Amino acid sequence: MAGFILVWVVCWWISLHGWDAKNITKIVNGIREVVDIDEALGELHILDRACVLIKTPWLPMINHHSYNIH
């Protein structure tokens with residue numbers, strides 16, 4: 001799998017009509033290849049978001065910040 005990274009993405013507010021692994025895979029495959037879907041999807045514990053593991057050659061654009069809160 002050289003040249004690729006695995007990234008968890010969160011899909012928010014998917015309609016209940018499309019709330020199954022097959023439909024969410026179709027949605028995310030438009031971006032990148034689906035590797036895995038969080039088990040909570042099938043168990044219907046959380047219905048406002050789905051966590052999907054994808055394989056992508058894109059490097060994540062993450063800004064790391066530290067904050068001191070008193």
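The numbers here are math on the coordinates, done by the rules we state, and not lab data. Keep in mind that what you see is a predicted model, and the values were worked out from it rather than measured. Using ideal geometry, Cβ is built from the backbone for each residue, glycine included, and neighbour counts are taken over all protein chains shown.
General observations
- Modelled spin labels at Leu53 and Lys22, positioned 7 Å past Cα toward Cβ, are 2.4 nm from each other.
- Length released on extending from Phe4 to Glu43, taking residue separation times 0.36 nm less the Cα-Cα span: 11.1 nm
- Label point distance in nm, Trp12-Ile31, each placed 7 Å from Cα along Cα→Cβ: 1.2 nm
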